[in-house]
Amino acid sequence: MRNQILFFLLLFSAPCYLVAEKSDSTHISFSGQVTAWGIGQFQTPVPMQFGGRFVPTLLGNFKLSPKSKLNFEASLNLNGSLNYTDFHNDSIQGQLKPYRVWLRYSGENWEVRAGLQKINFGRAKMFRPLMWFDAMDVRDPLQLTDGVYGVLGRYFMENNGDFWIWGLIGNKNPKGFERDSTSQWKPEIGARIEFPLGPGEIALSTHHRTKQFHTGSIIDEFDETRIGLDGKWDIGIGLWFETSVTSTETQKISSAYLPKMQDLWNVGADYTLPVGSGLGVTVEYFRYHAGDKFLVEGTALNVLGAMLTYPVSMLDNLSGMVFYLPDQNKWMNYLSWGRSYDNFSIYAIGYWNPDNVQLVTAQTQSKNMFAGKGIQIMLNYNF
């Protein structure tokens, strides 16, 4: 079904390309991204990974009237990787899947977008409690993430506030911080409202889904409701908070157990110091908790994070990140250099982490290649 959607959207857009040159209100463009990377870890034996990704993208823009227009995007994600240990091949992985396939109808102060799309919001930068539908990682310079199938509507208010409403269906696999799958053909619904508050803004979000828990061949379903609150203010320094609380109607299932509550908290600040070209400083505190009670008992993880960014030149940027886990007394360290031209970028990322620790990350992310000590080189070309 998903491949059919992509095929018909590409088929529909093909004749429109012929019209593009004849009408100022119609524009069709083809672009893409080609990425190659290599990762090596400083240990014996030496684990290595070499990979590549190709994301071809077709974009369309149609002006229907002076106040309305139609847009679409259709793109694929073709990627593969080779995993080695001391230059001996361990495995080969590859996949071809839709990346974005959506159609948007919009007016002066509203829009409706349907299809495979990215839905993300919130104020946090490193640790994101409102990572409900995406899997963007601050350590990834390209910020790529899978999308979700659904319909999203947005209304933009005159006071710079906006209202979101969405319905999702067909997204079975865990997304964001979800630990369990979703009932694939039962709709998920949610909404969000943002409005100004003093020298900043605040937002309230909610989402409901039917989650599935698998015990052997038995599948149990439970209702899950999330509420999120976030805000950001500029008072000389940037200040923000972001939180998400999830409540599940659950109980013990055979020998397995599902917590009733899950709460995630983030507070952060950033400021640019007048050092050279400007040294950006970001700090955040993140807490993850899951259990039968709100905030207390159960299991918890605390993380303190700091990020420094500095533009060395017009082409070069240097950044560093340090994460501290006080419960385990462990540090995670990253140093990144990037050079960007018009269409070409190169990144080098060094990391120095414990072998047996990993941050709370999205379920849709692939194998953690930032464990231990190593370096990653990435080349990226946009056309």
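The values are calculated or read from the model by the stated rules, or taken from the named source; none is laboratory data. The shown structure was predicted, so the numbers you read here are calculated from the model rather than taken from an experiment. A quick note on method: Cβ atoms are made from the backbone with ideal geometry, for glycine too, and the neighbour counts reach across all protein chains shown.
When Leu142, Leu116 are checked against the criterion of being surrounded by fewer than 18 Cβ atoms within 10 Å (Cβ to Cβ), within 23 Å of Phe72 (Cβ to Cβ) and in contact (Cβ under 8 Å) with a residue 60 or more places away in the chain, Leu142 stands alone in meeting it. Condition (residue is over 30 Å from Tyr351 (Cβ atoms), out of contact with any Ser or Thr (no Cβ under 9 Å at 6 or more places or on another chain) and in a loop (DSSP other than H, G, I, E, B)) applied to the range 112-119: is it met by at least one residue? No, the range 112-119 contains no residue that is over 30 Å from Tyr351 (Cβ atoms), out of contact with any Ser or Thr (no Cβ under 9 Å at 6 or more places or on another chain) and in a loop (DSSP other than H, G, I, E, B).
Considering only residues in the range 275-319 that are under 23 Å from the mean Cα position of the chain (by Cα) and among the charged types (D, E, K, R), the one that is nearest to Tyr347 (Cα to Cα) turns out to be Glu284.
Taking the stated definitions as given, is Glu201 assigned to a strand (DSSP E or B), over 24 Å from Val281 (Cα atoms), acidic (Asp, Glu) and in contact with a Lys or Arg (Cβ under 9 Å, 6 or more places away or on another chain)? Criteria not met by Glu201. In the range 159-169, the residue that is surrounded by the most Cβ atoms within 10 Å (Cβ to Cβ) out of those that are in contact (Cβ under 8 Å) with a residue 40 or more places away in the chain and assigned to a loop (DSSP other than H, G, I, E, B) is Gly161. Output yes when any residue across the range 199-210 is farther than 29 Å from Gly268 by Cβ, in contact with a Ser or Thr (Cβ under 9 Å, 6 or more places away or on another chain) and free of Cβ contacts under 8 Å to residues at least 60 places away in the same chain, and no when none is. Taking every residue of the range 199-210 in turn, at least one turns out to be farther than 29 Å from Gly268 by Cβ, in contact with a Ser or Thr (Cβ under 9 Å, 6 or more places away or on another chain) and free of Cβ contacts under 8 Å to residues at least 60 places away in the same chain. Residues that are acidic (Asp, Glu) and in contact with a Gly (Cβ under 9 Å, 6 or more places away or on another chain) were ranked within the range 178-210; the one that is surrounded by the most Cβ atoms within 10 Å (Cβ to Cβ) is Glu188. For the range 314-364, the set of residues classified as small (Gly, Ala, Ser) and at pLDDT below 95 consists of Ala362 only. When residues in the range 108-154 are screened for being over 12 Å from the mean Cα position of the chain (by Cα) and of a type in the set (Lys, Arg), 3 of them pass.
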